[in-house]
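Notes follow the structure.
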Ligand SMILES: [Fe+2]
């Protein structure tokens with residue numbers, strides 16, 4: 001553990017990578033091993049210039065190529081920056097705190113986001129630290145201690161996002177489970193947002209337990225992304241602190257979301273056997 005210059009506890013040591021566009025065998029193996037044990041891998045590259053194409057090439061090396069598509073458009077790499085224009089009303093594009101969530105929790109299961117990459121070009125002047133929890137660890141611990149909670153959280157009507165009408169565009173209501181297995185991958189749909197979410201009856205205790213675990217340092221990986229640092233993951237649960245830019249330091253990240261899964265390099269592993 002070490003303290004960053006901004007006194008933020010960073011629990012993670014990123015994997016050093018020379019060229020993210022073309023990983024060495026050892027670098028690829030290190031990232032894959034981290035993905036297979038915690039569903040996420042933090043990395044640090046000293047490449048002088050990382051572009052959208054670099055992120056695309058990084059993704060391809062882990063077999064993820066199907067970028068998030070909505071009914072409106074196909075989104076490839078997005079810049080996550082504090083914007084003063086229209087998009088700032090969406091929290092990722094503001095400088096406000098972003099609560100615990102998995103990406104695309106508002107999508108139907110058939111359009112799940114199975115993986116994403118965040119890459120930091122520039123950190124904020126102050127704040128903007130990120131926190132990650134392996135949702136599969138939460139699942140395993142709950143399964144062992146409270147199997148009845150898992151039953152509830154896996155029900156097909158556990159979480160409903162009501163219909164959303166805005167600017168002449170309508171998103172239909174979306175209902176689905178919080179946890180579900182998709183081939184070998186456990187997916188989680190979750191947000192701590194209180195507004196416009198309808199939870200099924202009987203979920204109070206399971207959700208309270210999840211909230212407690214999200215406060216528990218044993219499960220939370222804290223990281224301050226510096227320039228060149230990033231994460232590739234199987235859509236683990238995550239959040240971000242509020243941040244402040246100044247005139248020289250403007251936080252800027254690339255984000256890429258994918259519908260396809262990062263293949264598990266060790267399919268013979270019996271994940272249930274790993275319940276602690
Ligand atoms: Fe996110």
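Throughout, read-outs are computed from the coordinates displayed, never taken from laboratory work. Nothing here was measured: the structure is a model prediction, and the numbers come from that model. Every residue, glycine among them, receives a Cβ derived from its backbone with ideal geometry; neighbour counts consider all protein chains shown.
Data table
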item	result
GNM result for the chain, Cα springs below 10 Å: residue of 124, 205, 156 fluctuating most strongly	205
Mean separation of Cα contacts under 8 Å (6+ apart) over length of segment 124-276, as relative contact order %	39 percent
Alpha-carbon centroid distance for the pair segment 175-226 / segment 9-53, whole angstrom	25 Å
Net lengthening on full extension, residue 192/residue 91 (0.36 nm per residue, minus Cα-Cα)	35.0 nm
Extension gain from residue 182 to residue 248, taking 0.36 nm per residue of separation minus the Cα-Cα distance	19.3 nm
Segment residue 260-residue 49, length gained on full extension (0.36 nm per residue, minus Cα span)	73.3 nm
Rounded FRET efficiency, nearest 0.05, which uses the C-beta distance separating residue 73 from residue 125 and R0 of 35 Å	0.65
Gyration tensor verdict on segment 119-219 (Cα atoms; rounded if a/c is under 1.5, prolate if a/b is larger than b/c, oblate otherwise)	oblate
Mean separation of Cα contacts under 8 Å, 6 or more apart, over the residue count of segment 44-116: relative contact order %	17 percent
Relative contact order [Cα under 8 Å, 6+ residues apart], segment 12-91, whole percent	28 percent
GNM top mover of 18, 128, 168 - the chain, alpha-carbon springs below 10 Å	168
Helix-only [θ]222 nm of the chain, DSSP H runs n ≥ 4, -39500 (n - 2.57) each, per residue, nearest 500	-5500 deg cm²/dmol
Selected from 93, 116, 258 as most flexible by GNM, with the chain as the system and alpha-carbon contacts under 10 Å	93
